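Data first, discussion second: the structure below is written as C-alpha cells.
The numbers here are math on the coordinates, done by the rules we state, and not lab data. As the structure is a computational prediction, the values presented were derived from the model and not from experiment. Glycine gets a Cβ as well: all are built from the backbone with ideal geometry, and neighbour counts include every protein chain shown.
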Amino acid sequence: MRNKEKLAKAIELRHEMHQNPDLSNQERPTYERIIKFLKENAPSIEIVDKGYYVYAIYHSEHPERPRIAFRTEVDALPIEDLIDEPYKSCKPGVGHKCGHDGHAATMCALAMELDEFGAERDVYMIFQPAEETGDGAVQCTDFITDNNIAEIYGMHGSIDEDYGVVQTKAGLMNCASEGMCIEYKGVSTHASLPELGKNPTLALAKLALFCDELQHSDGYKDLIMATVCYMRSGDP
C-alpha cells in the first residue's frame with residue numbers, strides 16, 4: 001500500500017481476525033468486524049450488508065464504465081491453531097489455517113486505497129461466506145447479476161511469488177475443491193488361514209496411485225488435481 005499507516009491498520013485487522021476465527025456459515029462476528037473497520041477507515045466506500053454476506057462499493061466518476069469486482073472469503077477451519085503468536089486463535093479447535101484472514105484484510109486494504117486514491121470505474125468488493133464448505137458461492141450468485149458485474153476476480157495469497165506481484169490469467173486459474181471419503185471393508189482372519197480373509201490394503205494402494213495418475217492424464221481439458229489427504233488401514 002502507498003499509505004504505510006493504513007497498511008499497518010490492515011495488518012492489525014488481519015491479526016484480529018486470526019485471533020477470532022468463525023467457521024463456515026457462522027461468520028457474522030467477522031462481518032461485524034469488517035463493517036466497523038471499513039466505516040472507520042474507508043468512509044467513502046458504500047457497505048451493503050445482506051445479512052449472510054457483505055459487499056462494499058467504490059463509486060467512481062464514471063458509473064457508465066464496465067464494473068469490476070474482487071472476491072474474498074472470510075471463514076475459518078475446524079483445525080486447532082498451534083502458532084506461537086500473540087494473535088493465536090482464542091477459539092479451541094478453530095483456526096484460520098487457509099489464510100482467509102489475510103485475504104479479507106487485503107480486501108479491506110484495497111477499500112482503503114480506493115477511498116484515498118480512487119479508480120477509473122466502479123469497484124465492488126465481495127466478502128463471501130462458507131468457502132470451505134462450498135455453499136457460500138451459491139449464496140452469492142445474485143451478486144454478479146444484480147450489480148451488472150463485467151469482470152470478477154478471486155483474491156488469493158501466494159507464497160511462491162515476489163512481493164508486490166499479482167498473478168492473473170484469462171478464464172479459470174484454480175481448481176474447485178470437492179472432498180470425499182472412501183471406505184473399503186475387509187474380512188479379518190487368522191494368520192494361519194489367510195485365504196479366508198480379504199485385505200483392502202492393496203485396493204487402497206491402487207487408489208492412491210490412481211489419484212496421482214489421474215492428474216497427469218491427457219484425457220482432461222483443464223487442470224485437475226486429486227490428492228489423498230489421509231489413509232488408514234486396520235487398527236493397531
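Taking a virtual spin label 7 Å from the Cα of residue 133 along the C-beta vector, which residues in segment 4-42 bring their backbone nitrogen under 16 Å of it? Within reach of a label on residue 133: 22-31.
Would you tally the net charge around residue 167, using a Cβ to Cβ cut-off of less than 14 Å, leaving residue 167 out, and scoring K and R as +1, D and E as -1? Don't skip to the end; give the middle numbers.
Numbers: positive: 169; negative: 160, 161, 162.
Charge balance near residue 167 sits at -2.
Think of each Lys and Arg Cβ as +1 and each Asp and Glu Cβ as -1; about the Cα centre, that makes the dipole of the chain roughly 260 debye.
In plain terms, the chain is cut at each of the chymotrypsin sites (Phe, Trp or Tyr not before Pro) found in a DSSP loop with at most 10 other Cβ atoms within 10 Å, and the longest leftover piece is 1-162.
Going by how many other Cβ atoms sit within 10 Å of their own, how do 140, 175, 181 line up, fewest first?
On the way: 140 18, 175 12, 181 5.
Placing the least packed residue first, the sequence is 181, 175, 140.
Taking label positions 7 Å along the Cα-Cβ direction at both residue 206 and residue 23, the computed distance is 3.7 nm, reported to one decimal.
Around residue 145, under 15 Å between beta carbons, what's the net of Lys plus Arg minus Asp minus Glu among the other residues?
On the way: positive: 50, 67, 71; negative: 142, 146, 151.
Taking every Cβ under 15 Å from that of residue 145, the sum is 0.
Looking only at 69, 104, 119, which one moves most when the chain is put into a Gaussian network model with springs between Cα atoms under 10 Å? Maximum among the listed residues: 119. When only alpha carbons are used to place a centre, segment 150-183 and segment 57-131 end up 15 Å from one another. Pairs over the 27 Å Cα-Cα cut-off, from the set 50/169; 91/185; 97/198; 4/36; 6/97: 50/169; 91/185; 97/198. Kindly identify segment 85-139 as rounded, prolate or oblate by the Cα gyration tensor criterion: order the square roots of the eigenvalues as a ≥ b ≥ c, call it rounded if a/c is under 1.5, otherwise compare a/b with b/c, prolate if a/b is larger, else oblate. In terms of gyration-tensor shape, oblate.
Rounded to the nearest 10 degrees, the inclination of helix 28-41 to the longest alpha-carbon principal axis of the chain is 30 degrees.
If you run the Gaussian network model on the chain, springs between alpha carbon atoms under 10 Å, then out of 206, 36, 198 the most flexible one is 198.
Taking Cα atoms only, the orientation of helix 201-214 departs from the longest principal axis of the chain by about 40 degrees. For the chain, a Gaussian network of Cα nodes joined below 10 Å ranks 219, 179, 118 by mean-square fluctuation, and the top entry is 219.
Simple spin-label estimate for residue 229 and residue 167 gives 2.0 nm between the two label positions (7 Å along the Cα-to-Cβ direction from each Cα).
By how many degrees, 0 to 90 and rounded to 10, does the Cα axis of helix 100-117 deviate from the longest principal axis of the chain? Computed tilt is about 20 degrees.
At 0.36 nm per residue, minus the direct Cα-Cα distance, what do residue 83 and residue 141 gain on full extension? Give it in nm, one decimal, please.
17.4 nm
Between residue 159 and residue 48, 0.36 nm times their residue separation minus their Cα-Cα distance comes to what?
Working: separation 111, 0.36 × 111 = 39.96 nm, distance 3.16 nm.
Gain on extension, residue 159 to residue 48, equals 36.8 nm.
Looking at segment 18-112, the GluC sites (Glu not before Pro) that sit in a DSSP loop and have at most 11 other Cβ atoms within 10 Å of their own Cβ are 61, 64.
Of the residues 45, 144, 158, the one whose Cα sits farthest toward the positive end of the charge dipole of the chain, with +1 on the Cβ of Lys and Arg and -1 on the Cβ of Asp and Glu, is 158.
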